[in-house]
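Everything below concerns the one structure shown next.
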Amino acid sequence: MRYFSTKRRSPGVTFRDAVLAGQPADGGLFFPSEVPRWSEEFVKTLPSRSDPAIAFEIIRPYVGGEIRDDVLSEICSDTLSFQFPLVRITPDILSLELFHGPTLAFKDVGARFMSRCLRFFSEGRSRKTLVVVATSGDTGGAVAAGFHGMEGIDVAILYPKGKVSRYQELQLTTFSDNVTTLEVRGSFDDCQRLVKMALSDPDLHKFADLTSANSINIARWLPQQVYYAFAIKQWDSDKPPVFSVPSGNFGNLAAGLLAKRSGLPSDRFIAACNANDTIPRFFRTGKYEPRQPVFTLSNAMDVADPSNFVRIQKLFRGDPAALGHVLEAVSISDADTETTIKNVFAKSGYALDPHGAVAYRALFDHLQERPGSRGIFLETAHPAKFEVTGRILGNYDVAPPALRELSAKPEYKVEVDADYEQVRDVIKSRI
Ligand SMILES: *Cc1c(COP(=O)(O)O)cnc(C)c1O
């Protein structure tokens, strides 16, 4: 397997080099040279396979022998050491719970897989590896937890001040030693821009090998395909489900569509967005016109210029008709998100987090128009991570111990403007 830039101006590289570089020099994203097919036998026997065994089969062709089978198998088991239950909310709507990992959000899987690949590839190297990452809420915590304490690897995390929940912030700031946390006076898109500048800064490259841990890194992006296989493993019908994916940077959805290309049984996909509606507007008008990001209840999806959308376009060779056949995109307001959280709790006792609520609502609306269809939405974070859940549901307070314990820990963070010089100075002082 080789990895090419979506811009096709850089030569293909190996899995290892793509993971270490994070992003091609031409500013595109790495994309696999071929999409492996899942065998019919594999799909049929999903229910009898373990989660790590499923992940191993899916990821193996992408690694192309660059990690020995026994090591890769161990990385898969180690990464997936928690559950991914499919929970029935209504007869037609099921929740795929992706929040049972250490930081209670789905990004744990990609972050844990990537940290273990990176450790494997950096073994025996004399230079330090520096991972720089922007977070809209959950990436940073997952990356910090995934990399914390790893020798030879430093991590710098940038997050937008005041735009993440209190628990999300504590998950970013309660590490120290090899983790540096920068609180940026700006938006997530500012953080993303600053990370791109750091990654291409020759000055920083003098001190360490730089890579990103955003979903643009293939070691974070590719393993997300396994969620969809885990869903089908637990699906109870021959008629495949509609998948509704709460989308911000579009990595999770792009992974689902990649799995579909490999043979994942599925009906349509829904890109469920909040008020940041660049992609829903693109579907209506054919024009990709990002606006200023707006801040919403589902803060991890406050992305105006989603990086991974180019991968989806690549998968469909830029053909809007082929894409429209498989995918639709909708925008759900904060008001509808709140109503959905309230109503679903009242009717079924199920507490949605704001991101899952966006996807639930998009799926619910979709099924209204297609009687006989059933679907799965991806519940990407634990509801207790967000104060808003408590506000909407009254005295809802079921924060698991992993969250409650954070409040007692000391915090480490450096506040900076959305200014690259300041960011660079902080990072340099720490490596
Ligand atoms: C990151 C995140 C999303 C969006 O995922 P993308 O892959 O960026 O589209 C959705 N929900 C939660 C809770 C997240 O943390």
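Anisotropy class assigned to region 285-431 is oblate, per the alpha carbon gyration tensor with a/c at or over the 1.5 cut-off and a/b no larger than b/c. The calculated FRET efficiency for the pair I431 and E66, based on their C-beta separation and a Förster distance of 25 Å, comes to about 0.40.
Per-residue 3J(HN,Hα) values for region 184-192, derived from phi via the Karplus relation 6.51 cos²θ - 1.76 cosθ + 1.60 with θ = phi - 60°, read 9, 6, x, 9, 4, 4, 4, 4, 4 Hz in sequence order (x marks Gly and Pro).
Using a probe radius of 1.4 angstrom, the carbon and sulfur fraction of the accessible surface of region 301-431 is 50%.
Relative contact order (percent) for the chain, with alpha-carbon contacts under 8 angstrom and 6 or more residues of separation? Relative CO of the chain lands at 19 percent. Ordering 5-12, 114-121 by mean Cβ neighbour count within 10 Å, with the highest value first, yields 114-121, 5-12. Cross-link pairs exceeding 32 Å between alpha carbons, from the set K44/K196; K128/K413; K196/K287; K161/K314: K44/K196; K161/K314.
Peptides 125-138, 51-64, 312-325, ordered by how many other C-beta atoms sit within 10 Å of their residues on average, highest first, read 125-138, 51-64, 312-325. Contact order for region 47-131, expressed relative to its length and based on alpha carbon pairs under 8 Å spaced 6+ residues apart, stands at 20 percent.
Over the chain, DSSP H runs of length four or greater, each weighted -39,500 (n - 2.57), average out per residue to a 222 nm ellipticity of -12000 deg cm²/dmol. Here the chain is assigned +1 on the Cβ of each Lys and Arg and -1 on the Cβ of each Asp and Glu. Its dipole about the Cα centre then comes out at about 740 debye.
Both radii are taken from the alpha-carbon atoms of region 236-310; with Rh as the Kirkwood radius, Rg/Rh is 1.02.
Computed with a 1.4 Å probe over protein heavy atoms only, the accessible surface of region 256-394 comes to 39 Å² per residue.
Looking at region 124-225, the GluC sites (Glu not before Pro) that sit in a DSSP loop and have at most 15 other Cβ atoms within 10 Å of their own Cβ are E151.
Length gained on full extension, D203 to S33: 58.0 nm, using 0.36 nm per residue less the C-alpha separation.
Taking every protein chain into account, the accessible area of region 118-235 amounts to 29 square angstrom per residue (probe 1.4 Å).
For the chain, what does the alpha-carbon gyration tensor say about shape, rounded, prolate or oblate, given a ≥ b ≥ c as the root eigenvalues, a/c under 1.5 as rounded, and a/b over b/c as prolate? Judged from the Cα gyration tensor, the chain comes out rounded (a/c under 1.5).
The values are calculated or read from the model by the stated rules, or taken from the named source; none is laboratory data. Everything numeric here is computed off the predicted structure, so don't read it as measured data. Every residue, glycine as well, gets a Cβ built from its backbone with ideal geometry; the counts of neighbours run over all protein chains shown. Areas reflect the complete protein model, heavy atoms only, side chains present, ligands, DNA and RNA absent. Shrake-Rupley method; radii C 1.70, N 1.55, O 1.52, S 1.80 Å.
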